[in-house]
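Data block below; observations after.
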Amino acid sequence: MADAINDAPQAKPWGYLATIAWAFVAFFVGQVAAFVALLLWQHGDIGAVRQNPFDGASITLQVFVLNPVTVAILVLAVRLKGADIVDYLALIWPRWRDITIGIVGIALIIVATDAFLFLSGRAIVSQFQVESYITAGPEGWLVPLWLATILVAPAGEEVLFRGFLFRGFIRSPRAAWPGIVVISALWALPHVQYDWTGVLEIFIAGLFLGWVRWRGGSVLLTFLLHGLFNLEGMMETVIQVKYFM
């Protein structure tokens, strides 16, 4: 099993506090940049920005700004540490066996969580997903929304959580699961656009992605699985909008 020891980088990772600090700065600056871009797009009208927080075009624009800025700062942090970016962030191609296990696992999580939502009488597709999809179409942002959801957001989040934070937090086999739990919680909690069931689903998926990262040592694999996870959510949104509304 590949883990934080077996795929250790050439340079020693940032310490725990420094890792948290860099991650916070990267995410915060990314959020500020995204808000400024949105404000400029709305010609400085803060009211328009706040009017519909689930607007598809606004969300897409923010994703396209937030994630590259966040990744750029994390890459800077890695370079300042004197480490190889590919190695530090585990941007390596996974083994086919790990890909198969990952796809089967993420599919089972989707089926299990959807079954729970259905049997408990809850909506499988959230209001956020429906509104962002519906509003993106007339604004001409539907294709960018798909790209933001399936590619851009998973890339940025995986580099941050299963890449940078994983490298800084998990330094031994004993630290693996505590680190994976913490990272999964940090990943799930900012998703305030969902209710508690959505956040719980993201947390569970995060635990699985963390295990896959630890087992296979590849953030490219977690990016693939994250993208498939979001793709399935988009497909459910399309079905909801077209046939059940």
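Numbers for the structure displayed
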item: Counted charge near Trp22, where neighbours are those whose Cβ lies closer than 15 Å (Asp, Glu -1; Lys, Arg +1); result: +4
item: Range of Cα positions in segment 1-147 per principal axis (Å), largest first; result: 49, 44, 27
item: Dmax and Rg, reported as Rg then Dmax, of segment 127-221 (C-alpha, Å); result: 15.2, 51
item: Most mobile of Thr113, Thr70, Thr149 in a GNM of the chain (Cα contacts under 10 Å); result: Thr113
item: For segment 91-132 and segment 161-210, distance of Cα centres in Å; result: 15
item: Order of Trp22, Trp146, Trp177, Trp196 - criterion: other Cβ atoms within 10 Å of each residue's Cβ, fewest first; result: Trp196, Trp177, Trp146, Trp22
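Read-outs throughout are calculated quantities, based only on the coordinates presented, and are distinct from any laboratory measurement. Keep in mind the model is a prediction, meaning the values are calculated, not measured. All Cβ positions, glycine included, derive from the backbone under ideal geometry; neighbour counts span all protein chains shown.
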